[in-house]
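The values are calculated or read from the model by the stated rules, or taken from the named source; none is laboratory data. Computed from a prediction, not measured in an experiment: that's the story for all the values here. Heads up, the Cβs are rebuilt from the backbone with ideal geometry, glycines too, and the neighbour counts pull from every protein chain shown. Note: accessible area is taken over every heavy atom of the protein model, side chains too, but ligands, DNA and RNA are not part of it. Shrake-Rupley method; radii C 1.70, N 1.55, O 1.52, S 1.80 Å.
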Amino acid sequence: MGKKLERVMKGDRSATSATSHDTSDVDEPYSCTGDFEADYTELCNRAGLMEIPKVVPRPHRPGPPPPPDPKCATPMSQRESCKSARSTRMEKVEEPTSPVPSEQEEPPPTTYTTSDKFDYFRPKVQVELEKPEDKKSMTEVYIRGWKVDQKYIDIFKQCFPAADKLHTIDFWNVGLTDNTLAQFAAVASQCLNLRTVKLDGNPVPGEGFHQLIGEDSMIVSMSLRSCKITDKGAELIGKALSTAKTRNQSLCALNLNSNLITDAGACHIANGLRMNRTLLVLSIANNAIGDDAAKKFGEVLSRFSLTHEEVVERRKVLSEKGAPDIRRSPISRRAESRDRPGSQSSRSQLDKSMAKSGRASSKAKKDKKEDDKKGKGKDDKWKKEPQRGASKVVSLAETLGKATKGKGRQSGGKKGQGAGSITEAETPDIPEIINPLLEEAERVDGELLIPGNRALINLNISRNRIGEAGLKALLKGIQYQITLTTLGSRSGGTGLMRLSVQKNNFSPSHELYLKVQELMMTRDPLYKPPSKTPDDESTSQATGS
């Protein structure tokens with residue numbers, strides 16, 4: 001009896017030691033490898049989740065079927081042969097008939113795919129791989145129709161940053177809350193290559209979507225359709241786009257369709273476009289926007305007056321740049337006094353500068369003559385010039401690399417192809433984004449006016465409540481942009497190329513609407529003028545003669 005008891009005690013000790021060893025393994029922190037499926041499954045098991053949504057490839061529409069082989073018989077010819085065989089059998093009733101073979105079954109449709117019963121409604125994590133054989137090449141994640149709670153957010157915190165090539169996250173109707181949205185924004189900032197975020201169908205009480213498009217955000221495209229965003233959320237988004245001191249410099253497309261934005265919220269978004277020169281596409285269709293917001297958009301697109309805060313910030317920027325303020329009067333009251341004529345100091349400064357320039361030019365001419373005497377020609381001069389410009393090119397490339405650090409996909413080039421490998425002959429033509437506060441201003445009636453936003457090229461405000469007054473303001477803004485473009489001023493952009501204002505509170509045959517359509521038709525980059533028919537050409541020749 002004692003021996004049996006000792007054996008049982010030894011077994012219990014071994015079992016407890018094994019379980020303690022297993023728990024110690026589970027308690028160890030897990031480091032993600034970049035393989036999303038393996039990392040996600042392991043972290044779900046460690047979190048104690050009973051049902052784990054599977055990671056599956058994102059389904060795609062099947063490709064077109066291969067063309068039929070002309071050598072093989074087509075189904076139509078088979079049907080015709082069957083029909084001819086039936087007709088011959090009907091004529092010869094006396095002959096014994098053989099069983100008629102059934103026609104060939106049609107292949108399944110190629111425009112969609114089928115799945116097992118109820119498999120479509122089961123929670124899944126759909127992923128897109130750049131290379132199907134490489135599990136670490138995940139580029140896109142799609143979750144649709146099931147709640148992503150705190151447990152899954154904690155798991156994604158570790159999985160998403162480890163996926164180096166992840167550039168798209170699409171969470172549709174996943175039941176985000178204020179807490180999970182804030183944590184998702186923190187995770188998105190850690191994904192260096194994340195460029196597209198879609199959170200359609202996620203109404204959040206706090207409406208904190210502006211956390212995704214802060215000043216340091218790398219997101220290029222964001223969609224927030226059907227999120228029940230009110231004027232409160234629109235105001236936060238407008239301030240995230242730009243203020244007098246800060247502005248977003250990465251977001252290019254913003255979709256706010258089918259929300260609850262009224263004139264007040266749309267005016268805040270329009271104010272966000274005052275100092276923003278990065279956003280190219282804005283869609284706020286199917287909201288409750290009226291004439292007041294349309295007038296605000298027309299003002300921002302044409303030209304607008306600076307507020308007191310913007311004027312103060314403009315003076316700061318100009319002082320940092322060392323440029324004179326254009327509002328400064330050329331003649332001051334102090335210069336007009338008899339005791340100290342204004343021309344004395346200015347003339348002395350002018351004389352000094354002229355003397356310096358004269359000495360510099362004479363010295364340059366003297367050096368040039370000495371070089372010519374010594375036999376130094378233009379070739380040696382050009383040999384020295386690139387060495388001076390090389391440092392400028394390298395510094396420019398390094399500055400660009402710092403500004404765009406983490407943006408875009410990681411290229412698979414060689415390590416030696418960096419900023420320092422740019423040669424002098426490969427000087428890149430880099431368009432510089434000009435600060436709107438540094439643009440040429442004009443004083444009118446005591447207000448300082450600057451040109452409006454010409455970086456926005458696509459504006460969709462269809463299916464709202466805009467009337468004739470709002471349409472008139474939009475038309476005025478478009479005409480102002482066209483005038484600047486005709487004058488050759490393209491420093492701030494080309495202006496609107498596409499404007500969608502249909503299905504508002506005016507008829508499609510309204511005179512202003514037809515004029516807007518006529519102006520925007522020629523500005524659309526995809527517009528193709530109708531080709532002339534022979535009758536039109538003959539008519540034009542006849543009128544010309």
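Selection of segment 122-151 for residues being open to solvent by 60 Å² or more (accessible area, probe 1.4 Å) and closer than 26 Å to Arg225 by Cα yields Arg122, Pro123, Arg144, Lys147, Gln150, Lys151. Restricting segment 252-274 to residues that are surrounded by fewer than 22 Cβ atoms within 10 Å (Cβ to Cβ) and either among the hydroxyl-bearing types (Ser, Thr, Tyr) or touching a Ser or Thr at 6+ places or on another chain (Cβ under 9 Å) (or both), the residue that is farthest from Glu207 (Cα to Cα) is Cys252.
For segment 152-164, a tally of residues being more than 16 Å from Pro53 (Cα to Cα) and either touching a helix residue (DSSP H, G or I) at 6+ places or on another chain (Cβ under 7 Å) or buried (at least 18 other Cβ atoms within 10 Å of the Cβ) (or both) returns 6.
Within segment 425-440, is even one residue at pLDDT below 90 and among the small types (Gly, Ala, Ser)? Yes, the conditions are met somewhere in segment 425-440.
Determine, yes or no, whether Lys316 is at pLDDT 50 or above, in contact with a Gly (Cβ under 8 Å, 6 or more places away or on another chain), open to solvent by 70 Å² or more (accessible area, probe 1.4 Å) and within 22 Å of Glu447 (Cα to Cα). For Lys316, the condition - at pLDDT 50 or above, in contact with a Gly (Cβ under 8 Å, 6 or more places away or on another chain), open to solvent by 70 Å² or more (accessible area, probe 1.4 Å) and within 22 Å of Glu447 (Cα to Cα) - is not met. Being assigned to a loop (DSSP other than H, G, I, E, B) and either modelled with pLDDT of 95 or more or aromatic (Phe, Trp, Tyr) (or both) is a condition met by no residue of segment 232-247. Evaluating Leu181 against the criteria (1) open to solvent by 10 Å² or more (accessible area, probe 1.4 Å); (2) within 15 Å of Leu224 (Cβ to Cβ) leaves one unmet condition, (1). May I ask you to verify whether Ile284 is in contact with a strand residue (DSSP E or B) (Cβ under 8 Å, 6 or more places away or on another chain), closer than 19 Å to Gly214 by Cβ and surrounded by 24 or more Cβ atoms within 10 Å (Cβ to Cβ)? No. The set of residues from segment 187-237 being open to solvent by 10 Å² or more (accessible area, probe 1.4 Å) and either of a type in the set (S, T, N, Q) or without any contact (Cβ under 8 Å) to a residue 12 or more places away in the chain (or both) comprises Ser189, Gln190, Asn193, Thr196, Gln211, Ser217, Ser221, Ser223, Ser226, Thr230.
Okay, residues lined up against (1) at pLDDT below 95; (2) within 19 Å of Gln502 (Cα to Cα):
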position: Ala264; (1), (2): no, no
position: Leu279; (1), (2): no, no
position: Ser283; (1), (2): no, yes
position: Gly290; (1), (2): no, yes
position: Ala293; (1), (2): no, yes
position: His308; (1), (2): yes, no
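Is it the case that some residue within segment 266-277 is within 17 Å of Met222 (Cβ to Cβ) and among the aliphatic types (A, V, I, L, M)? Yes, segment 266-277 contains a residue that is within 17 Å of Met222 (Cβ to Cβ) and among the aliphatic types (A, V, I, L, M). Counting the residues of segment 481-509 that are closer than 16 Å to Ala294 by Cα, under 27 Å from the mean Cα position of the chain (by Cα) and surrounded by fewer than 19 Cβ atoms within 10 Å (Cβ to Cβ) gives 4.
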